[in-house]
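The values are calculated or read from the model by the stated rules, or taken from the named source; none is laboratory data. Quantities reported herein were computed from a predicted structural model and do not represent experimental measurements. When we count neighbours, we look across all protein chains shown, and the Cβ atoms used for this are built from the backbone with ideal geometry, even at glycine.
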Amino acid sequence: MILRSNGEPTYFASDIGYVTEKFSRGFEELIYIWGADHHGTVARVRNAAQAMGYDKEAVRMLLIAWVRFIVDGVEVSMSKRAGTFITLDQLLDEVGVDAARWFFASRGPTSGIDFDIEQLRGQREALERGDHELASRSPAYYVQYAHARIASILGRATEAGLGPAASVGPAISDSAEGFLARQVVRLPEVVEDAAALEESQGITAFATELATAFHAFYRDAKVVDASEPERSRARLALVSAAKVTLANALALLGISAPESM
C-alpha cells in the first residue's frame with residue numbers, strides 16, 4: 001500500500017521516494033542498515049526499485065541484530081509505546097564514546113549483543129580513578145594503553161638522545177621482535193578483508209592482537225638501552241611503526257589514540 005485511505009502516504013511510499021531520489025542524483029548503489037525486524041520490507045523495496053526502472057541488485061539491505069542492555073544482571077525492557085528506552089546519548093554518557101564504539105565494532109552485525117552497561121561503566125570509573133588493572137579489562141583501554149605506552153617509550157628515548165632508525169633493518173632478529181613486526185604489517189590486509197566483508201570486527205581483533213604482541217615484546221626486550229644504541233634505534237623504529245599502526249586501526253573505528261593514560 002502506497003497511500004492510506006485518507007490520502008496520506010505510507011512509509012512504503014517514502015521508501016519509494018527515497019530510492020528514486022538517490023538514484024536520480026547519480027548514486028550507483030544504495031545500502032540500507034536496518035534492524036532485523038524489517039526483513040519483511042526488503043523484497044518489496046527492491047521490487048519497487050525495479051518497477052521504477054532501477055537495478056534491484058543495486059539496492060541492498062544490511063539487517064542488524066538486536067542489542068540487549070543489561071544493568072545489574074537484568075535486561076532493561078525497552079518499549080516505544082511505554083516510553084521506556086535508553087538513548088544513544090545516555091549510553092555514551094554512561095560508558096564513554098570509545099568503549100561504546102569498540103563494543104559495537106567488535107561484534108558482527110548479525111550477532112545479537114548483550115551490552116552490560118554496569119560493567120563498562122565500572123571500567124570507565126576505574127580509569128578515571130587510576131585503577132589501571134581493572135580498566136585493562138576493557139578491550140578498548142587495552143589497545144589504547146599500548147599506544148600510550150609506546151608514546152612514553154619514545155619520549156624517554158628522546159630524553160636519552162636516541163631516535164628511531166630509518167628502518168627496522170637486520171638488527172631485528174629475535175622471536176619477540178619478529179612476531180611484533182609481522183603483526184604490524186598485517187593492517188592493509190585486515191582492512192581489505194573488512195571492506196570486502198563489510199564488517200568491522202576484524203579490525204578490533206587485529207588491534208587487540210597487535211597490542212598483545214607489543215606488550216609481550218616490551219616485557220621481553222629493553223627498547224631504550226644506551227649501551228646498545230644501534231639495537232635501541234632499531235627497536236624504536238619497530239615500536240614507532242606499531243604506534244602508527246595502532247593509531248590507524250583505532251582511527252578507522254573512530255576511537256581515540258591517547259598519548260598518555
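Some observations on this one:
- Restricting the stretch 13-37 to residues that are surrounded by 10 or more Cβ atoms within 10 Å (Cβ to Cβ) and touching a helix residue (DSSP H, G or I) at 6+ places or on another chain (Cβ under 7 Å), the residue that is nearest to ALA48 (Cα to Cα): ILE16
- Of the helices (runs of 4 or more DSSP H) lying entirely inside the stretch 40-132, those carrying at least 1 residues that are modelled with pLDDT of 80 or more and aliphatic (A, V, I, L, M) are 88-95, 97-105.
- When GLU28 is tested against (1) over 22 Å from GLU118 (Cα atoms); (2) outside any loop (DSSP other than H, G, I, E, B), just one condition goes unmet, and that condition is (2).
- Scanning the stretch 165-193 for residues that are surrounded by 11 or more Cβ atoms within 10 Å (Cβ to Cβ) and at pLDDT 90 or above gives LEU180, ALA181, GLN183, VAL184, ARG186, LEU187, GLU189, VAL190, VAL191, GLU192, ASP193.
- Subset of the stretch 194-224 (residues that are surrounded by 14 or more Cβ atoms within 10 Å (Cβ to Cβ) and either farther than 16 Å from PRO139 by Cβ or in contact with a Cys (Cβ under 8 Å, 6 or more places away or on another chain) (or both)): ALA194, GLU199, ALA216, PHE217, TYR218, ALA221, VAL223, VAL224
- Contacts under 9 angstrom Cβ, first residue in the stretch 236-261 being under 19 Å from ALA213 (Cβ atoms), partner charged (D, E, K, R) and outside any helix (DSSP H, G or I), 6 or more apart: THR245/ARG186
- For the stretch 151-169, the criterion of a residue being under 28 Å from ILE31 (Cβ atoms) and assigned to a helix (DSSP H, G or I) is satisfied by no position.
- Of all the criteria given as (1) in contact with a strand residue (DSSP E or B) (Cβ under 9 Å, 6 or more places away or on another chain); (2) closer than 30 Å to ASP114 by Cα, the one not satisfied by VAL74 is (1).
- All positions within the stretch 1-12 that are over 18 Å from LYS56 (Cβ atoms), within 39 Å of the chain's Cα centre (by Cα) and either part of a helix (DSSP H, G or I) or among the acidic types (Asp, Glu) (or both): TYR11
- In the stretch 217-229, of all residues being in contact with a helix residue (DSSP H, G or I) (Cβ under 6 Å, 6 or more places away or on another chain) and assigned to a helix (DSSP H, G or I), the one that is farthest from LEU252 (Cα to Cα) corresponds to ASP220.
- LEU236 being crowded, with 18+ Cβ neighbours inside 10 Å, in a helix (DSSP H, G or I) and not small (Gly, Ala, Ser): yes
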